[in-house]
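Heads up: the structure comes next, in structure tokens.
The values are calculated or read from the model by the stated rules, or taken from the named source; none is laboratory data. Being a predicted model, the structure only gives us computed values, none of them experimental. Cβ atoms come from the backbone with ideal geometry, glycine included; neighbour counts cover every protein chain shown. Accessible surface areas use protein heavy atoms only, side chains included; no ligands, DNA or RNA. Shrake-Rupley method; radii C 1.70, N 1.55, O 1.52, S 1.80 Å.
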Amino acid sequence: MSDVIPGAAAAPTEAAPALPGTGTGTGGAGRGPRPGRVRYALWAAGGALLLALPFYLDRFWLQAGLFAIAAGIGAIGLNLLTGATGQLSMGHAFFLAVGAYGYCALAGDGGRSGGHELVGLGLPSWLAALLAVALAGAAGGLFSPIAGRLRGAYLGIATLALIFIGQHVLFNATSLTGGFNGRAVEPLSLLGITFDDTETVVAAVPFQSAEKLWYVALGALLGCALFARGVLRGRPGRALNAIRDHNIAAGVMGVPVARYRAAVFVLSSMYAGLAGVLLALVFQRTVPDYFGMVLALEYLAMIVIGGLGTVAGAVIGAAFVSLLPQLLTRYSDALPLVSAPGTGGVSPGEASRYLYGAAVVAVVLFLPGGLARIRPSKPARTPKETA
């Protein structure tokens, strides 16, 4: 006799597992591309867009982008110092000035500016740029014994003195800096290409200084970002974070605290020196007023708004803070309460400082991780996907 009861439903059979890549089965239907591939595709598309911008944007937007790139390099250096290590520095603008004026003195041929005789070594400009970055690092090395032994507000006050010393030197060392009027910047020459305003036609598009410098600046930003990312993700980064979180415990674990603090201060100064060189090349003239207290506060705002301790946060914050005043200047006629400089209303520079000051307060209160921590939330998984 058969053991099957008449009228009973047959037992359900177990579904066969889906073959890899077929998209069938309980978990394969509707599955999209892997997140890693999407991220790489977005990075590739963003890189291609940045490379194509000089062919489509005018000089104003390219210069605005160059300012943002230079600010991003400097902000990465400050984030290594303040965000990753916890050392508050108010003197970042001083090291930018060392890089900018160091390049002018090393690459320039002397001459006169504002009635002052200028000194200049006349070195090849690419060598002068490298030496200017090294000079900024050396300036940071001279200050590093102090930086290695101070922390918190005490280090902030000590670095604040660098701003006042730097401003005094910039205004009074007229043979080196040109005094109040500043001095002209020698254009960069690299691989037989001079990055000045002489036209070089590429694909029927005239390339002048801004278009040529764009690719040099992008390469410098990429190299600085990758190097900083390697530092933060490696053993030095873990040591720096340990010093930031609890320096006594880090010392007990064998981390040479004073040495790491001094080393990261030198590295941060070199980043600032490179940013100063790039700014000088974009401005084509250096003036002492630019490298003052306002610039130092702007760099602190960059890393707070973008996100402390991250490379992406430094770049995002630098783009926000550096582009905002230029956008307000460009569209001041169409914006309420914002007027052109000298007309009696709120100038674009003042309005931008109000806005990113408010942004700092908003980030500290509601988004402590900065703009770099904003990520789209993942969709909730269905019970079938979690089974």
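Within the range 196-238, what whole-number % of the accessible surface is contributed by carbon and sulfur, with the 1.4 Å probe and all protein chains included in the calculation? Numbers along the way, then the final one.
Values: 1500 of 2380 Å².
On the range 196-238, the fraction of accessible area on carbon and sulfur atoms equals 63 percent.
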Tell me the label-point distance for the pair Arg373, Tyr154, using the 7 Å Cα-to-Cβ offset, in nm and rounded to one decimal.
2.9
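Sorted by mean Cβ packing within 10 Å, highest first, what order do the peptides 292-301, 260-269 take? It would help to have the intermediate numbers written out before the result.
Numbers: 292-301: 19.5, 260-269: 23.7.
The densest-packed peptide leads the list: 260-269, 292-301.
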At q = 0.11, 0.17, 0.20, 0.23 Å⁻¹, what base-10 log of I(q)/I(0) does the Debye formula yield for the range 85-153 when every alpha carbon is treated as an equal point scatterer in vacuo?
-0.36, -0.69, -0.82, -0.95
Listed peptides 125-131, 271-277, 43-49, 353-359 by packing density, highest first (mean Cβ within 10 Å):
271-277, 125-131, 353-359, 43-49
Can you give me the accessible area per residue for the range 93-178, using a 1.4 Å probe, in Å²?
45
Other residues with Cβ under 15 Å from the Cβ of Gly122 give, with Lys and Arg +1 and Asp and Glu -1, a net charge of -2
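Any chance you could run the full-extension gain for Ala258 through Leu365? It's 0.36 nm times the residue separation minus the Cα-Cα distance, nm to one decimal.
On the way: separation 107, 0.36 × 107 = 38.52 nm, distance 3.22 nm.
The span from Ala258 to Leu365 would gain 35.3 nm if fully extended.
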